[in-house]
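Peer 1: My structure is below; once you've seen it, I'll send some questions.
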Ligand code: SLL
(Lines give C-alpha, C1' and ligand atoms only; values in the text may rest on other atoms or scores of the structure.)
Protein backbone atom coordinates (compact mmCIF):
# COMPACT_ATOMS: atom_id res chain seq x y z
CA UNK A 1 0.00 0.00 0.00
CA UNK A 2 1.33 3.40 -0.92
CA UNK A 3 1.32 6.17 1.65
CA UNK A 4 1.84 8.94 -0.88
CA UNK A 5 -1.12 10.81 -2.26
CA UNK A 6 -1.72 11.18 -5.94
CA UNK A 7 -0.93 14.73 -6.92
CA UNK A 8 -4.51 15.59 -7.84
CA UNK A 9 -5.65 15.18 -4.24
CA UNK A 10 -3.70 18.28 -3.31
CA UNK A 11 -4.71 20.35 -6.33
CA UNK A 12 -8.04 22.15 -6.48
CA UNK A 13 -9.16 23.34 -9.86
CA UNK A 14 -10.75 25.70 -10.54
CA UNK A 15 -10.39 27.82 -7.46
CA UNK A 16 -13.71 29.26 -6.26
CA UNK A 17 -12.32 32.75 -5.88
CA UNK A 18 -9.99 34.79 -8.00
CA UNK A 19 -7.25 36.64 -6.24
CA UNK A 20 -6.24 40.21 -6.94
CA UNK A 21 -2.74 39.50 -8.13
CA UNK A 22 -3.73 36.99 -10.84
CA UNK A 23 -3.66 39.69 -13.48
CA UNK A 24 0.10 39.88 -13.14
CA UNK A 25 0.62 36.17 -13.54
CA UNK A 26 1.46 34.05 -16.55
CA UNK A 27 -1.78 34.06 -18.45
CA UNK A 28 -4.21 31.18 -18.43
CA UNK A 29 -2.18 28.02 -17.87
CA UNK A 30 -2.58 27.84 -14.13
CA UNK A 31 -5.53 30.17 -13.62
CA UNK A 32 -8.12 28.92 -11.22
CA UNK A 33 -5.75 26.35 -9.71
CA UNK A 34 -5.23 26.09 -5.97
CA UNK A 35 -2.63 23.72 -4.66
CA UNK A 36 -1.96 23.14 -1.01
CA UNK A 37 0.55 21.49 1.26
CA UNK A 38 -0.39 20.25 4.74
CA UNK A 39 2.03 21.39 7.44
CA UNK A 40 2.19 21.43 11.19
CA UNK A 41 3.93 23.85 13.48
CA UNK A 42 4.41 23.76 17.21
CA UNK A 43 6.68 22.42 19.89
CA UNK A 44 7.68 19.50 22.04
CA UNK A 45 9.13 20.06 25.54
CA UNK A 46 10.70 17.87 28.21
CA UNK A 47 11.70 18.58 31.80
CA UNK A 48 15.48 18.67 32.34
CA UNK A 49 16.97 16.32 34.91
CA UNK A 50 18.91 17.85 37.81
CA UNK A 51 22.14 16.66 36.20
CA UNK A 52 21.28 18.26 32.85
CA UNK A 53 20.42 21.49 34.60
CA UNK A 54 23.73 21.62 36.42
CA UNK A 55 25.58 21.15 33.13
CA UNK A 56 23.90 24.22 31.59
CA UNK A 57 25.30 27.75 31.66
CA UNK A 58 21.90 28.83 33.05
CA UNK A 59 20.87 26.39 35.79
CA UNK A 60 17.54 28.22 36.19
CA UNK A 61 16.41 26.60 32.93
CA UNK A 62 13.92 23.83 33.60
CA UNK A 63 12.98 22.53 30.13
CA UNK A 64 14.43 21.55 26.80
CA UNK A 65 12.18 22.30 23.84
CA UNK A 66 12.06 22.12 20.06
CA UNK A 67 9.88 24.39 17.94
CA UNK A 68 9.43 23.28 14.32
CA UNK A 69 7.62 23.54 11.01
CA UNK A 70 7.13 20.09 9.48
CA UNK A 71 5.06 18.17 7.00
CA UNK A 72 1.85 16.98 8.68
CA UNK A 73 2.29 13.23 8.27
CA UNK A 74 4.61 11.40 10.62
CA UNK A 75 7.24 9.05 9.25
CA UNK A 76 6.85 5.33 9.69
CA UNK A 77 8.07 4.46 13.21
CA UNK A 78 9.30 8.03 13.66
CA UNK A 79 9.66 9.23 17.20
CA UNK A 80 8.50 12.75 16.39
CA UNK A 81 5.30 14.53 15.45
CA UNK A 82 5.02 14.98 11.67
CA UNK A 83 8.01 15.41 9.41
CA UNK A 84 7.60 12.50 6.97
CA UNK A 85 8.31 14.76 3.99
CA UNK A 86 11.14 17.21 3.38
CA UNK A 87 9.51 20.61 2.76
CA UNK A 88 12.56 22.36 1.34
CA UNK A 89 11.31 22.04 -2.25
CA UNK A 90 8.85 24.87 -1.47
CA UNK A 91 10.13 26.38 1.81
CA UNK A 92 13.38 28.31 1.57
CA UNK A 93 13.69 29.60 5.09
CA UNK A 94 11.89 29.52 8.41
CA UNK A 95 12.62 32.31 10.87
CA UNK A 96 11.74 31.62 14.49
CA UNK A 97 11.55 34.83 16.50
CA UNK A 98 12.10 33.84 20.13
CA UNK A 99 11.61 35.82 23.35
CA UNK A 100 14.08 38.68 23.79
CA UNK A 101 15.62 36.93 26.80
CA UNK A 102 17.35 34.63 24.29
CA UNK A 103 20.62 35.55 22.62
CA UNK A 104 20.06 36.54 18.95
CA UNK A 105 16.35 35.78 19.25
CA UNK A 106 15.66 35.83 15.50
CA UNK A 107 16.79 32.40 14.28
CA UNK A 108 16.97 31.69 10.57
CA UNK A 109 16.82 28.08 9.48
CA UNK A 110 17.68 27.65 5.80
CA UNK A 111 17.56 23.91 5.49
CA UNK A 112 15.56 21.07 6.97
CA UNK A 113 14.79 20.20 9.64
CA UNK A 114 13.14 23.60 10.06
CA UNK A 115 13.43 23.69 13.82
CA UNK A 116 15.13 25.32 16.79
CA UNK A 117 15.99 23.55 20.03
CA UNK A 118 16.67 25.49 23.20
CA UNK A 119 16.44 25.29 26.94
CA UNK A 120 14.52 27.73 29.10
CA UNK A 121 12.15 28.27 31.99
CA UNK A 122 9.17 30.11 30.53
CA UNK A 123 6.47 29.97 27.89
CA UNK A 124 6.13 32.74 25.30
CA UNK A 125 4.80 33.49 21.81
CA UNK A 126 7.03 32.56 18.90
CA UNK A 127 6.63 34.29 15.53
CA UNK A 128 7.30 31.82 12.77
CA UNK A 129 7.94 33.36 9.36
CA UNK A 130 7.88 30.91 6.46
CA UNK A 131 9.66 32.12 3.31
CA UNK A 132 9.00 30.23 0.10
CA UNK A 133 11.44 29.35 -2.68
CA UNK A 134 11.97 32.22 -5.16
CA UNK A 135 10.28 30.26 -7.99
CA UNK A 136 7.00 30.64 -6.09
CA UNK A 137 6.91 34.44 -6.27
CA UNK A 138 4.93 34.19 -3.03
CA UNK A 139 5.16 36.49 -0.03
CA UNK A 140 6.31 35.00 3.25
CA UNK A 141 3.63 33.97 5.74
CA UNK A 142 3.79 34.43 9.49
CA UNK A 143 2.15 32.10 11.99
CA UNK A 144 2.25 32.30 15.76
CA UNK A 145 2.86 29.57 18.25
CA UNK A 146 2.68 29.79 22.01
CA UNK A 147 5.61 27.75 23.28
CA UNK A 148 4.13 25.18 25.61
CA UNK A 149 6.22 23.74 28.43
CA UNK A 150 3.63 22.74 31.02
CA UNK A 151 1.15 19.87 30.69
CA UNK A 152 -2.22 20.53 29.08
CA UNK A 153 -5.33 21.13 31.11
CA UNK A 154 -8.71 20.76 29.43
CA UNK A 155 -9.80 24.23 30.59
CA UNK A 156 -6.75 25.90 29.13
CA UNK A 157 -6.05 27.38 32.56
CA UNK A 158 -2.32 27.42 33.21
CA UNK A 159 -1.44 25.00 35.95
CA UNK A 160 2.23 24.62 36.60
CA UNK A 161 2.81 21.35 38.41
CA UNK A 162 5.97 20.71 40.44
CA UNK A 163 8.76 19.46 38.16
CA UNK A 164 8.73 15.91 39.58
CA UNK A 165 5.03 15.64 38.70
CA UNK A 166 5.66 17.09 35.22
CA UNK A 167 8.46 14.56 34.58
CA UNK A 168 6.04 11.70 35.21
CA UNK A 169 3.52 13.18 32.77
CA UNK A 170 6.15 12.87 30.01
CA UNK A 171 6.97 15.21 27.12
CA UNK A 172 4.52 18.01 26.31
CA UNK A 173 3.39 18.36 22.70
CA UNK A 174 1.62 21.36 21.21
CA UNK A 175 1.06 21.22 17.46
CA UNK A 176 -1.19 22.99 15.02
CA UNK A 177 -2.23 21.53 11.67
CA UNK A 178 -2.44 24.01 8.79
CA UNK A 179 -2.49 24.11 5.01
CA UNK A 180 -0.34 26.38 2.86
CA UNK A 181 -2.52 27.20 -0.14
CA UNK A 182 -1.07 28.61 -3.36
CA UNK A 183 -3.65 30.22 -5.64
CA UNK A 184 -2.81 30.39 -9.34
CA UNK A 185 0.84 29.38 -8.93
CA UNK A 186 3.39 30.06 -11.66
CA UNK A 187 3.54 27.08 -14.00
CA UNK A 188 7.15 26.45 -13.04
CA UNK A 189 6.32 26.42 -9.33
CA UNK A 190 3.28 24.22 -9.91
CA UNK A 191 5.60 21.72 -11.63
CA UNK A 192 7.92 21.79 -8.62
CA UNK A 193 5.01 21.19 -6.25
CA UNK A 194 3.42 18.39 -8.24
CA UNK A 195 6.72 16.57 -8.68
CA UNK A 196 6.92 16.19 -4.89
CA UNK A 197 4.18 13.88 -3.67
CA UNK A 198 2.75 14.35 -0.18
CA UNK A 199 2.65 11.55 2.38
CA UNK A 200 -0.94 10.83 3.38
CA UNK A 201 -2.15 11.22 6.92
CA UNK A 202 -3.25 7.83 8.25
CA UNK A 203 -7.04 7.44 8.35
CA UNK A 204 -7.19 5.56 11.63
CA UNK A 205 -5.61 6.52 14.92
CA UNK A 206 -2.35 4.62 15.56
CA UNK A 207 -0.91 6.83 18.30
CA UNK A 208 -2.23 9.46 20.74
CA UNK A 209 -3.86 12.49 19.08
CA UNK A 210 -2.20 15.92 19.29
CA UNK A 211 -4.21 17.79 21.92
CA UNK A 212 -5.56 21.21 21.09
CA UNK A 213 -7.82 23.50 23.13
CA UNK A 214 -10.14 23.71 20.11
CA UNK A 215 -11.00 20.11 20.96
CA UNK A 216 -10.89 19.84 24.78
CA UNK A 217 -12.62 16.44 24.66
CA UNK A 218 -9.45 14.88 23.27
CA UNK A 219 -7.34 15.37 26.42
CA UNK A 220 -7.40 11.70 27.45
CA UNK A 221 -6.85 10.48 23.88
CA UNK A 222 -3.76 12.71 23.67
CA UNK A 223 -1.91 11.03 26.52
CA UNK A 224 0.69 8.29 26.38
CA UNK A 225 3.38 9.09 23.85
CA UNK A 226 4.29 10.93 20.69
CA UNK A 227 1.07 12.05 19.01
CA UNK A 228 0.21 11.87 15.33
CA UNK A 229 -2.23 13.72 13.07
CA UNK A 230 -4.80 11.65 11.19
CA UNK A 231 -7.06 12.51 8.30
CA UNK A 232 -10.00 11.99 10.67
CA UNK A 233 -8.68 14.79 12.88
CA UNK A 234 -8.27 16.98 9.84
CA UNK A 235 -11.91 16.33 8.95
CA UNK A 236 -13.06 16.92 12.53
CA UNK A 237 -11.21 20.22 12.57
CA UNK A 238 -12.87 21.23 9.29
CA UNK A 239 -16.25 20.28 10.83
CA UNK A 240 -15.51 22.37 13.92
CA UNK A 241 -14.61 25.33 11.71
CA UNK A 242 -17.84 24.91 9.75
CA UNK A 243 -19.86 24.68 12.98
CA UNK A 244 -18.15 27.84 14.27
CA UNK A 245 -18.87 29.60 10.98
CA UNK A 246 -22.55 28.66 11.21
CA UNK A 247 -22.83 29.87 14.78
CA UNK A 248 -21.20 33.19 13.83
CA UNK A 249 -23.76 33.60 11.05
CA UNK A 250 -26.56 32.86 13.53
CA UNK A 251 -25.10 35.37 16.00
CA UNK A 252 -24.84 38.00 13.26
CA UNK A 253 -28.50 37.43 12.36
CA UNK A 254 -29.53 37.72 15.99
CA UNK A 255 -27.63 40.99 16.47
CA UNK A 256 -28.92 42.36 13.17
CA UNK A 257 -32.50 41.76 14.37
CA UNK A 258 -31.71 43.46 17.68
CA UNK A 259 -30.12 46.40 15.85
CA UNK A 260 -33.16 46.83 13.61
CA UNK A 261 -35.47 46.77 16.66
CA UNK A 262 -33.34 49.34 18.47
CA UNK A 263 -33.21 51.60 15.44
CA UNK A 264 -37.02 51.49 15.21
CA UNK A 265 -37.26 52.32 18.89
CA UNK A 266 -34.82 55.20 18.46
CA UNK A 267 -36.81 56.56 15.54
CA UNK A 268 -40.02 56.36 17.60
CA UNK A 269 -38.43 58.17 20.54
CA UNK A 270 -36.97 60.84 18.28
CA UNK A 271 -40.43 61.43 16.79
CA UNK A 272 -41.94 61.66 20.27
CA UNK A 273 -39.23 64.08 21.29
CA UNK A 274 -39.83 66.25 18.24
CA UNK A 275 -43.54 66.39 19.12
CA UNK A 276 -42.96 67.33 22.77
CA UNK A 277 -43.32 71.05 23.62
CA UNK A 278 -39.93 72.51 24.60
CA UNK A 279 -39.44 73.82 28.15
CA UNK A 280 -36.66 76.12 29.05
C1 LIG B 1 7.18 34.47 31.25
N2 LIG B 1 6.57 36.14 29.62
O3 LIG B 1 7.35 35.30 32.14
C4 LIG B 1 7.28 34.94 29.81
C5 LIG B 1 8.69 35.09 29.42
C6 LIG B 1 10.81 33.98 28.78
C7 LIG B 1 11.45 32.71 28.70
C8 LIG B 1 9.37 33.83 29.22
C9 LIG B 1 15.13 31.88 28.47
C10 LIG B 1 15.79 32.80 29.35
C11 LIG B 1 17.28 32.96 29.23
C12 LIG B 1 13.66 31.76 28.76
O13 LIG B 1 13.20 30.74 29.21
N14 LIG B 1 12.86 32.81 28.50
O15 LIG B 1 17.92 32.19 28.55
O16 LIG B 1 17.73 33.82 29.93
O17 LIG B 1 6.91 33.30 31.50
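Peer 1: Which residues, taken from the range 125-139, are more than 10 Å from residue 95 (Cα to Cα) and surrounded by fewer than 18 Cβ atoms within 10 Å (Cβ to Cβ)?
Peer 2: Within the range 125-139, 125, 133, 134, 135, 137, 139 qualify.
Peer 1: Scanning the range 57-74 for residues that are out of contact with any strand residue (DSSP E or B) (no Cβ under 6 Å at 6 or more places or on another chain) and assigned to a loop (DSSP other than H, G, I, E, B), which turns out surrounded by the fewest Cβ atoms within 10 Å (Cβ to Cβ)?
Peer 2: 57
Peer 1: For the range 111-153, which residues satisfy the criterion of being within 16 Å of the ligand (Cβ to nearest atom), modelled with pLDDT of 95 or more and assigned to a loop (DSSP other than H, G, I, E, B)?
Peer 2: 121, 122, 123, 124, 147, 148, 149
Peer 1: Suppose the filter is within 16 Å of the ligand (Cβ to nearest atom), free of Cβ contacts under 8 Å to residues at least 40 places away in the same chain and more than 20 Å from the chain's Cα centre (by Cα); does residue 162 pass it?
Peer 2: So residue 162 does not fit the description; no.
Peer 1: Moving on. Which members of the range 75-110 meet the condition of being modelled with pLDDT under 95 and either within 16 Å of the ligand (Cβ to nearest atom) or touching a strand residue (DSSP E or B) at 6+ places or on another chain (Cβ under 8 Å) (or both)?
Peer 2: 75
Peer 1: Among what's in the range 191-211 and is touching a strand residue (DSSP E or B) at 6+ places or on another chain (Cβ under 8 Å) and buried (at least 20 other Cβ atoms within 10 Å of the Cβ), pick the residue that is nearest to residue 231 (Cα to Cα).
Peer 2: Going through the qualifying residues, I end up with 201.
Peer 1: Then there's this: Of the residues 228, 265, only one is part of a helix (DSSP H, G or I) and either out of contact with any helix residue (DSSP H, G or I) (no Cβ under 8 Å at 6 or more places or on another chain) or surrounded by fewer than 11 Cβ atoms within 10 Å (Cβ to Cβ) (or both); which?
Peer 2: Residue meeting the stated conditions: 265.
Peer 1: For the list (1) under 16 Å from residue 42 (Cβ atoms); (2) part of a loop (DSSP other than H, G, I, E, B), I need the number of the one condition that residue 202 fails.
Peer 2: All conditions are met except number (1).
Peer 1: Hey, another quick one. Given the conditions (1) under 30 Å from residue 196 (Cα atoms); (2) over 19 Å from the mean Cα position of the chain (by Cα), and given that residue 90 satisfies all but one, which numbered condition is not satisfied?
Peer 2: Residue 90 satisfies every listed condition except (2).
The values are calculated or read from the model by the stated rules, or taken from the named source; none is laboratory data. Quick caveat: nothing in here was measured; it's all calculated off a predicted structure. Every residue, glycine among them, receives a Cβ derived from its backbone with ideal geometry; neighbour counts consider all protein chains shown.
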